[in-house]
Amino acid sequence: MELFYLALIQIMISIILAIVIFFISYKILIKLFKLEESEFNNDNLALSIFFSGIIFSVGYLLSGIIPSIINAIQLIKIHSEGNLFVEVLKYSSMCLFVGFLAISTIQISSFLLVKTMTKHIKEVEQLKQNNLSVSILLVSILISITLISADSLIFLLETFLPQPEFIQYN
């Protein structure tokens, strides 16, 4: 029965974190690109593709971060000597902070790479004008960098996990 409740908690954590992070990402992107939410109602496929790529990138990276947090909860439960809630909160917060920094870095570096490759194009203006080729280029680079860097992010987060101590006999 304990396993059932642990699984239920994992599902709730995953859903809540995903919703909160997607909402925050969306709001930050709207402000960063100086967009009006009404611009999405004008059948602008380029913006939709671009934002879909960003959401996919965030979701894919979250799909690696959340299991790390859940594994941490299980390890901390076994090896914690202090308050379990405080330890879980501390590790989860650190994972989300590092994950948010990584997600932001990946998205910004992807956008800067495209800006460097296409110096003569104003990407944001082209997205607003429904330029599908710019949107597809941006999303392709973003998703590629996301896929390449996801395992490294997960490995980085796992280095913060509490490791069991081994006794070495001579």
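Below is a table of values for the structure above.
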{"quantity": "Solvent-accessible ranking of D43, D151, largest area first, probe 1.4 Å", "calculated": "D43, D151"}
{"quantity": "Net lengthening on full extension, A7/L132 (0.36 nm per residue, minus Cα-Cα)", "calculated": "40.8 nm"}
{"quantity": "Accessible surface, per residue, of the chain when the full set of protein chains is kept, probe 1.4 Å, Å²", "calculated": "64 Å²"}
{"quantity": "For Kirkwood radius over Cα pairs in Å, calculated from these coordinates, the label among [x] 18.0; [y] 19.4; [z] 17.1", "calculated": "[x]"}
{"quantity": "Pairwise Lys count, the chain - Cα closer than 25 Å, eight or more residues apart or different chains", "calculated": "14"}
{"quantity": "Per-residue [θ]222 nm for the chain (sum of -39500 (n - 2.57) over DSSP H runs n ≥ 4, rounded to 500)", "calculated": "-28000 deg cm²/dmol"}
{"quantity": "Carbon plus sulfur fraction of accessible area for segment 79-137, probe 1.4 Å, in percent", "calculated": "67 percent"}
{"quantity": "Listed peptides 15-26, 50-61 by packing density, highest first (mean Cβ within 10 Å)", "calculated": "50-61, 15-26"}
{"quantity": "Excluding exposed DSSP-loop GluC sites (Glu not before Pro) (at most 12 other C-beta within 10 Å), longest clean stretch of the chain", "calculated": "82-164"}
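The values are calculated or read from the model by the stated rules, or taken from the named source; none is laboratory data. Source: prediction; values computed, not measured. So basically every Cβ, Gly included, is an ideal-geometry build from the backbone, and we count neighbours across all protein chains shown. Ligands, DNA and RNA are stripped out before the accessible areas are found, and what is left, the full protein with its side chains, is counted by its heavy atoms. Shrake-Rupley method; radii C 1.70, N 1.55, O 1.52, S 1.80 Å.
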